1. Which one of B:R290, B:R273, B:R196 is of a type in the set (K, R) and in contact with a Gly (Cβ under 6 Å, 6 or more places away or on another chain)?
2. Count, please, the residues in the range A:169-198 that happen to be more than 7 Å from every other protein chain (Cβ to nearest Cβ), in a loop (DSSP other than H, G, I, E, B) and closer than 19 Å to A:G146 by Cβ.
3. Return the pair list, or none, for Cβ contacts closer than 7 Å from residues in the range B:177-189 that are at positive phi to residues that are part of a loop (DSSP other than H, G, I, E, B) and modelled with pLDDT of 95 or more, at least 6 apart or on different chains.
4. With respect to B:A48, is the statement that it is touching a residue at least 12 places away in the same chain (Cβ under 8 Å), within 22 Å of the chain's Cα centre (by Cα) and over 25 Å from B:A158 (Cβ atoms) true?
5. Could you tell me which numbered condition A:S22 fails, if it satisfies all but one of (1) more than 22 Å from the chain's Cα centre (by Cα); (2) among the hydroxyl-bearing types (S, T, Y); (3) at pLDDT below 95?
6. Considering the range B:242-279 alone, what residues qualify as being touching a strand residue (DSSP E or B) at 6+ places or on another chain (Cβ under 8 Å) and on the phi > 0 side of the Ramachandran plot?
7. Need the failing condition index for B:N150 against (1) out of contact with any Ser or Thr (no Cβ under 7 Å at 6 or more places or on another chain); (2) more than 15 Å from B:K272 (Cβ to Cβ); (3) not aromatic (F, W, Y), just the number.
8. Across the range B:241-278, what is the number of residues that are more than 14 Å from every other protein chain (Cβ to nearest Cβ) and under 17 Å from B:D191 (Cβ atoms)?
Number of protein chains: 2
Amino acid sequence: MSEMFVGIDLGGTNIKIGLFDSELKLICKTSVATKADMGPEVVIDKMAQTVEKLLADAGLFRHDVVAVGIGTPGPAKYSEGVIIKSTNMPKFKNVPICRMLNEKLGAPIVFDNDANVACWGEYAVGAGKGVKDMVFFTLGTGIGGGIISNGELVHGCAENAAELGHMIIYPDGRECNCGQRGCVEAYASADSTARRAREAVEAPPKAGMIRPGVAGAESSLKKVLDEKGQITSKDVYEHLAAGDKLAKEIADGTAKALAITCINMLHTTEPKRIVFAGGMIAAGDILLNRIKDYFNEYIWTLKKEPVEICFATLGEDAGIIGAAALAQHTKNGD
Amino acid sequence: MSEMFVGIDLGGTNIKIGLFDSELKLICKTSVATKADMGPEVVIDKMAQTVEKLLADAGLFRHDVVAVGIGTPGPAKYSEGVIIKSTNMPKFKNVPICRMLNEKLGAPIVFDNDANVACWGEYAVGAGKGVKDMVFFTLGTGIGGGIISNGELVHGCAENAAELGHMIIYPDGRECNCGQRGCVEAYASADSTARRAREAVEAPPKAGMIRPGVAGAESSLKKVLDEKGQITSKDVYEHLAAGDKLAKEIADGTAKALAITCINMLHTTEPKRIVFAGGMIAAGDILLNRIKDYFNEYIWTLKKEPVEICFATLGEDAGIIGAAALAQHTKNGD
């Protein structure tokens, strides 16, 4: 009998599933359309069938699976294995996904939110390997987070810990979708970076916390907006690399906001390593080095800090790897 | 044989020692002058003798002591039981306090920083009782902190976690003693509250993050400064209670900074309860309610937060109770 772990990344559009051995080496993986409008019964049935098919393709059996991990966005009662509701899957209301999948597959099911799962993946076999205290940020539409303290995920009193994008760094600053003002997400997510660039190109300079000192009309990003009707964070970093001053100012605002947040995390759970993931890290060193520069400029002088700031290494597979790794960890901790 | 725990609060001026039963009920306590200038050998010897005397007074013996807890300010390698150096005890350099005290008393010694120890005391038998996730702030000369996540203190990768006073809430804001700018400590500690009041009384209104909109000359605090040569945080809250507008503005700045920090902690480790301790909580409900008001004003609207914000209940004894409680917890976890 082999000791295999299954990792499932349940998204609104696709379900990714991977089969891993006990060293967390990927044996095989697949992706199927979620078709969430078919309802939870059908989706969970397909999930189980896809796992069975992966096992069959690998010449393995259901009893070879030690545990299954699932990551999905909330809100959910993760410890109870229930999806409360889902923005991308409107028919999923109070779905006991763990019990339903366990009935089909037999193996124990471990369940957590997608950011925690990706965080755990990086911790177990990616950029966080070898440390016991780590903080994780995903830079996408919003900013997601995960915290590992002394080798365990921090879940908090109501399983809403590590909503790190909503730490307030500029009280009374920019409006955030969450209803707060001045969240780091309102400055430094990929979407907010793009939005600040667009505002800077469109609007004349005005008073505010992070404002363009460079006229938008002179920026090469103006042409992007005129031609494409939008500016993305990718555009910002491309034009920064090409020397555009406004792009630099916008990107600096992003890096500074992230650096301040890193400093605040250092003074909170004191990670040894801070890992950034998500689409925006494609910007590369031009982003990473600027975060480090601001970190070193704004951090206290009391002692030299041991924290390492780096990018995630697992890419798109973080979700399935993390889910399998978390299943293994939880199983071992039983 | 009884099962007793000793709690020691080692400060630069006094050593407080308490003897507790297994229910953490105080049997007896005492306080002796530290006389740190006599050096670590003498101080630790006196510590042991004082424990022996407390035991004798209570009709108990050395073998009745299950474990001893010590809290002291850092920097120290707590897990190794070594005080690296001490601002208030200059002769304490690389002192293996745990080994030295263990040789004299026989019992295992548990060692942590003073803020963590007080935090644990409130968690075990004070304002944090009954929750598993708690955050603790001490409002004194500076702002100290402690974090309990899932029933354990968060220590961080180099035992410097929970330096919560140095979370940056106003980037590029007021200078802090730590070398950063805009730390919550630079606004909301007892000392900073007093300092902001004095600056507001002395200086004409000027641009800045939190600035007096009320002329200092019209404040009743001006008379305090003229007569006493200083303003304390106690003065601020007394004059706030008496209706002084400037005192209100200063106190509002303090409460807002603390509320923003509470929100940030909620989005980090998600405590069920946030406990404030330290001299400044003597201000009472006029402080606590204002923190809650700002918290409710600035927190997101995504969901109703379950966090309770309250004051510590153990007062001056938090250090010895916490040290004994931590000794018991660590011993039980062995």
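The values are calculated or read from the model by the stated rules, or taken from the named source; none is laboratory data. This is a predicted model, so every value here is computed, not measured. When we count neighbours, we look across all protein chains shown, and the Cβ atoms used for this are built from the backbone with ideal geometry, even at glycine.
1. On the way: B:R290 fails: in contact with a Gly (Cβ under 6 Å, 6 or more places away or on another chain); B:R196 fails: in contact with a Gly (Cβ under 6 Å, 6 or more places away or on another chain).
On inspection, the qualifying residue turns out to be B:R273.
2. 2
3. Every condition considered, the pairs that remain are B:G182/B:I169; B:G182/B:Y170; B:G182/B:P171; B:G182/B:D172; B:G182/B:G173; B:G182/B:R174.
4. Details: touching a residue at least 12 places away in the same chain (Cβ under 8 Å): yes; within 22 Å of the chain's Cα centre (by Cα): no; over 25 Å from B:A158 (Cβ atoms): yes.
No.
5. (3)
6. B:G278 - this is the single residue of the range B:242-279 that is touching a strand residue (DSSP E or B) at 6+ places or on another chain (Cβ under 8 Å) and on the phi > 0 side of the Ramachandran plot.
7. All conditions are met except number (2).
8. Of the range B:241-278, the ones more than 14 Å from every other protein chain (Cβ to nearest Cβ) are B:241-251, B:276-278.
This time we only want the ones that are under 17 Å from B:D191 (Cβ atoms), so: B:247, B:250-251, B:276-278.
Summing the residues that are more than 14 Å from every other protein chain (Cβ to nearest Cβ) and under 17 Å from B:D191 (Cβ atoms) in the range B:241-278 gives 6.
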